């Protein structure tokens, strides 16, 4: 009997404990429930939206501006929400974010560089171009360089010329030389004048010594190349009479060339003398050449709003030819700064906005201030901190959702206050 009584006692206690748990659970449910005893969902309001224009919204049923019936949808009546440029925080589930292609990147401190791209044209280096002209009249007796494009070396003979003036000057020099030997110091000034006259006509010291050594007048005089390079102009033929100052040859040394680039006006503050430039030519795909900015011209092209810069390039194998067009890349280093991807910055008129991932699907609009623009990134001056995540892809869709939610929220608040909407 005692065992049976103990068993009944255990059953009674278990039943009481179960009833107590049920009562506690029911009390918790009733506490969340409304007056009718049912759980109250979050407050929602029914609005109506056009099927053709999602931004056309009304708080009453009817037709849109195109005469089509507006469809109802529910909007949560939330409390006050901070607005940034007509946008508020929006919640998009991870599944939907993946569906519309939302991607995020972390705001971080890293080196920032700006890449300035431009076009240019290869030209002769002006200091390496020389003309061959005479200071006396004469006739071409023999032409050694008879074609344009020929490569000549410094001191190489170009032509032989006969000039009566030159013959007369040699005769005077020989007479002055003999007079000096006969009269001594008294004839020295005459000899110096005759020798100076020959030098003023660009007769070399060696040629003067040859006349002096042989004691004979040279009928013709050989004209030598003043520099090494390619003959890019030839304005003389065999037997031609040459007048004083005629440009007979134009010779250019192409071992070093200049490249003229055009930089847009708004990019000029970032261009400095001494910067390196990367040069690409369509004639040599896959290859690049290095040059250095040596001069920035002090005037602007008013039609194209560009400023010309000069880039000096070594051209030892003569691969770069004057007249070629080139693509230029100038890298500007700004140092290490807090940066944000360019795709994360939304231009909202007078302000720049980025959407910050706050976790759990919440995307918050944030007004930011940006500094210099680098290669696909902006410097962040204010509005973001290192380590925060910003939306870099599908930002337009997120922006539209945020703007729409802000408009709906404003309409719900106005409707609750008794305002009428069209």
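The values are calculated or read from the model by the stated rules, or taken from the named source; none is laboratory data. The model shown is predicted, which means the values in this text are computed figures rather than measured ones. Methodologically, a virtual Cβ is constructed for each residue, glycine included, from the backbone with ideal geometry; neighbour enumeration extends over all protein chains shown.
Looking at 242, 203, can you tell me which residue is touching a strand residue (DSSP E or B) at 6+ places or on another chain (Cβ under 6 Å), surrounded by 12 or more Cβ atoms within 10 Å (Cβ to Cβ) and either within 30 Å of residue 141 (Cβ to Cβ) or in the same structural domain as residue 314 (by TED's automatic domain parsing) (or both)?
The conditions single out 242.
What residue, of 381, 346, 316, 328, is in the same structural domain as residue 278 (by TED's automatic domain parsing) and either closer than 14 Å to residue 87 by Cβ or loosely packed, with under 15 Cβ neighbours inside 10 Å (or both)?
It is 316.
Touching a helix residue (DSSP H, G or I) at 6+ places or on another chain (Cβ under 8 Å), outside any helix (DSSP H, G or I) and modelled with pLDDT of 75 or more: which single residue out of 380, 391 fits that description?
Numbers: 380 fails: touching a helix residue (DSSP H, G or I) at 6+ places or on another chain (Cβ under 8 Å).
None of the others qualify; the one that does is 391.
From the list 235, 247, which one is in contact (Cβ under 8 Å) with a residue 60 or more places away in the chain and within 18 Å of residue 138 (Cβ to Cβ)?
247
Considering only strands (runs of 3 or more DSSP E) fully contained in region 232-315, which possess at least 2 residues that are modelled with pLDDT of 95 or more, closer than 21 Å to residue 125 by Cβ and in contact with a helix residue (DSSP H, G or I) (Cβ under 8 Å, 6 or more places away or on another chain)?
Answer list for region 232-315: 256-264.
Residue by residue through region 298-329, note down the ones that are within 16 Å of residue 274 (Cβ to Cβ) and without any contact (Cβ under 8 Å) to a residue 24 or more places away in the chain.
Listed by number, the list is empty, since nothing qualifies.
Given the conditions (1) farther than 30 Å from residue 294 by Cα; (2) assigned by TED's automatic domain parsing to the domain that holds residue 330, report the number of the one that residue 236 does not fulfil.
For residue 236, the failing item is (2).
Taking region 118-142, which residues are under 20 Å from residue 246 (Cα atoms) and buried (at least 18 other Cβ atoms within 10 Å of the Cβ)?
Within region 118-142, 132, 134, 136, 138, 140 meet the criteria.
Out of all the residues in region 165-184, is one or more under 60 Å from the mean Cα position of the chain (by Cα) and outside any loop (DSSP other than H, G, I, E, B)? Walk me through how you get there before you give the answer.
Of region 165-184, the ones under 60 Å from the mean Cα position of the chain (by Cα) are 166.
Applying the additional criterion that residues be outside any loop (DSSP other than H, G, I, E, B) yields 166.
Looking through region 165-184, at least one residue is under 60 Å from the mean Cα position of the chain (by Cα) and outside any loop (DSSP other than H, G, I, E, B).
If you check 332, 339, which single one turns out to be within 30 Å of residue 108 (Cα to Cα), touching a helix residue (DSSP H, G or I) at 6+ places or on another chain (Cβ under 8 Å) and not in a helix (DSSP H, G or I)?
After applying the criteria, what remains is 332.
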